[in-house]
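Engineer: One structure, as structure tokens, below. Some questions next.
The values are calculated or read from the model by the stated rules, or taken from the named source; none is laboratory data. Since this is a predicted model, take the numbers as computed values, not measurements. Glycine gets a Cβ as well: all are built from the backbone with ideal geometry, and neighbour counts include every protein chain shown.
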Amino acid sequence: MSKKFLSKALAGVIAVAATAVASVTPAQSVAAPLSDPRIQVHFNLKANQRPETIIIAPDGAALVGLAGSNQVVRVSPSGEVQTLGTLPAAPDGGAGVPILGYSLLTGLVRTSDGTLYVGYVTGRDDLNGIWRIRPGKLPQRIVATPGNGFPNGMDVDERTGQLYFSDSVLGLIWRAPLTGGKPTVWLRAPQFTRTDVLGVNGLKIRNGAVWATNTDQGTLMRIPIRHGGRPGPVQARSSGIQGIDDFAFVGDSDSVIAAVNLPNRVDLIRADGSHSAVLEASDGISGPTTVAIRGKSIYVASASFLLNEDPNLLLAALTP
């Protein structure tokens, strides 16, 4: 996929507000364990409001990182949208961002005290990295990463106070203190490299291991966290899912539900590595980037990067 095509497809414009509209798409193709898909919020494409990441707050609200408008918003269960923080715009619009040529928000996590951490890709050494958002305070960059990198999927190990996040261009996983500071390369591996657009991407910490995807290579991987925080060997868990982005675990199992961005679908990846589509375009998704699961509900963020049609937040029922 060419840089010219991506840049044209992902170009941003002037910001305005999101609109909450409940709708159901006819001729649905939803498959078990999902049912009853419905769009909770249609975001504003002209505002470049592209939902890239989601986490679910304890009160059931969806916290959404809007990649193009550099914002984190709260979407209430009834669909009301409230801005929680806006990161400073890159003076050049992110012209130096590898592959894309514009700035965007990426990974998002929330700690138990309500603090938000968000990845920011700007192509600039003075802005690239991990930012912290606290209620009533201005966003603050706490981890600086090189401008030629692409900090992306992120999760926190609160037991050790460490943030882990992928770099989709440099082909590695970083680690940094939750309190901020200089990041270190936790692991660089051939399984993380990009072959066309983005390499290692989505990332989650689960039962003493880092799980990650590679968008270009179409893989889901598991990397044990050994004594002292050292990485174990990269273990292949599933393959043949080109375009895979971020994901969420289903209950206590090793099965995951993953956004598959370029083919425009959402897949169930079972513990044995087999996978099949559970949501497709007819269900309302539009270039999905991530999913979040809470109890019997699943949220899907569609940034519509390539389709440029309907960036939205979709809610469906989940039967584990």
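Engineer: Take the residues in region 155-178 that are more than 14 Å from GLY129 (Cα to Cα) and outside any strand (DSSP E or B), then tell me which one is nearest to the chain's Cα centre (by Cα).
Structural biologist: GLY171
Engineer: Okay, moving on. Would you check which residues across region 35-54 are surrounded by 22 or more Cβ atoms within 10 Å (Cβ to Cβ) and either of a type in the set (A, V, I, L, M) or in a loop (DSSP other than H, G, I, E, B) (or both) and list them?
Structural biologist: ILE39, VAL41, PHE43, ASN48, GLN49, ARG50, ILE54, listed by residue number.
Engineer: Sticking with this structure for a sec: Considering region 58-79 alone, what residues qualify as being closer than 19 Å to ASN308 by Cα, in a strand (DSSP E or B) and small (Gly, Ala, Ser)?
Structural biologist: Within region 58-79, GLY65 is the sole residue that qualifies.
Engineer: List the strands (runs of 3 or more DSSP E) inside region 255-320, counting only whole elements, that have at least 1 residues being among the small types (Gly, Ala, Ser).
Structural biologist: Values: elements: 256-260, 265-269, 275-279, 288-294, 297-302, 312-318.
The strands (runs of 3 or more DSSP E) meeting that bar are 256-260, 275-279, 288-294, 297-302, 312-318.
Engineer: Restricting the search to region 95-110, which residues are of a type outside the set (Phe, Trp, Tyr) and either in a loop (DSSP other than H, G, I, E, B) or over 24 Å from ARG134 (Cβ atoms) (or both)? Quick ask: steps written out before the conclusion?
Structural biologist: Residues of region 95-110 that are of a type outside the set (Phe, Trp, Tyr), as a first pass: 95-101, 103-110.
Hits for region 95-110 are ALA95, GLY96, VAL97, PRO98, ILE99, LEU100, GLY101, SER103.
Engineer: Within the set of pairs 6 or more residues apart or between chains, which connect a residue that is under 20 Å from SER255 (Cβ atoms) and modelled with pLDDT of 95 or more inside region 295-320 to a residue that is surrounded by fewer than 21 Cβ atoms within 10 Å (Cβ to Cβ) and of a type in the set (Asp, Glu) with Cβ atoms less than 7 Å apart?
Structural biologist: Qualifying pairs under 7 Å: ALA316/ASP36; ALA317/ASP36.
Engineer: Tell me, which strands (runs of 3 or more DSSP E) lie completely within region 111-154 with 3 or more residues that are closer than 22 Å to ALA259 by Cβ and either touching a residue at least 12 places away in the same chain (Cβ under 8 Å) or in contact with a helix residue (DSSP H, G or I) (Cβ under 9 Å, 6 or more places away or on another chain) (or both)? I'd like the intermediate steps shown before the answer.
Structural biologist: On the way: elements: 116-121, 129-133, 140-144.
Correct list: 116-121.
Engineer: Could you check region 110-168 and list, in sequence order, the residues that are under 22 Å from ILE56 (Cα atoms) and among the small types (Gly, Ala, Ser)?
Structural biologist: Correct list: SER112, GLY114, GLY119, GLY136, GLY153, GLY161, SER166.
Engineer: Please work out which one of (1) in a loop (DSSP other than H, G, I, E, B); (2) touching a Lys or Arg at 6+ places or on another chain (Cβ under 7 Å); (3) not aliphatic (A, V, I, L, M) is the condition ASP92 fails and give its number.
Structural biologist: For ASP92, the exception is condition (2).
Engineer: If GLY287 satisfies all but one of (1) free of Cβ contacts under 8 Å to residues at least 40 places away in the same chain; (2) surrounded by fewer than 23 Cβ atoms within 10 Å (Cβ to Cβ); (3) in contact with a Leu (Cβ under 7 Å, 6 or more places away or on another chain), what's the number of the condition it fails?
Structural biologist: Unmet condition: (2).
Engineer: Looking at (1) among the small types (Gly, Ala, Ser); (2) in contact with a Ser or Thr (Cβ under 7 Å, 6 or more places away or on another chain); (3) farther than 17 Å from ALA212 by Cα, which is the only condition GLY136 fails?
Structural biologist: Just one mismatch for GLY136, condition (2).
Engineer: Quick check on my filter: what residues within region 66-110 are more than 21 Å from ASN201 (Cα to Cα), within 17 Å of the chain's Cα centre (by Cα) and touching a residue at least 60 places away in the same chain (Cβ under 8 Å)?
Structural biologist: VAL75
Engineer: Something else now. Which of the residues spanning region 250-307 are closer than 19 Å to GLY68 by Cβ and of a type in the set (A, V, I, L, M, F, W, C)?
Structural biologist: If the condition is that a residue be closer than 19 Å to GLY68 by Cβ and of a type in the set (A, V, I, L, M, F, W, C), then ALA259, LEU262, ILE285, VAL300, ALA301, ALA303, PHE305, LEU306, LEU307 are the ones that fit.
Engineer: Picking from TRP186, TRP211, which residue would you name as being over 25 Å from LEU314 (Cβ atoms) and not in a loop (DSSP other than H, G, I, E, B)?
Structural biologist: On the way: TRP211 fails: over 25 Å from LEU314 (Cβ atoms).
None of the other options fit; the residue is TRP186.
Engineer: Among the residues of region 166-185, are any at pLDDT 95 or above and of a type in the set (Lys, Arg)?
Structural biologist: Checking region 166-185: at least one residue is at pLDDT 95 or above and of a type in the set (Lys, Arg).
Engineer: Of all residues in region 55-75, how many are surrounded by fewer than 24 Cβ atoms within 10 Å (Cβ to Cβ) and of a type in the set (Gly, Ala, Ser)?
Structural biologist: Summing the residues that are surrounded by fewer than 24 Cβ atoms within 10 Å (Cβ to Cβ) and of a type in the set (Gly, Ala, Ser) in region 55-75 gives 3.
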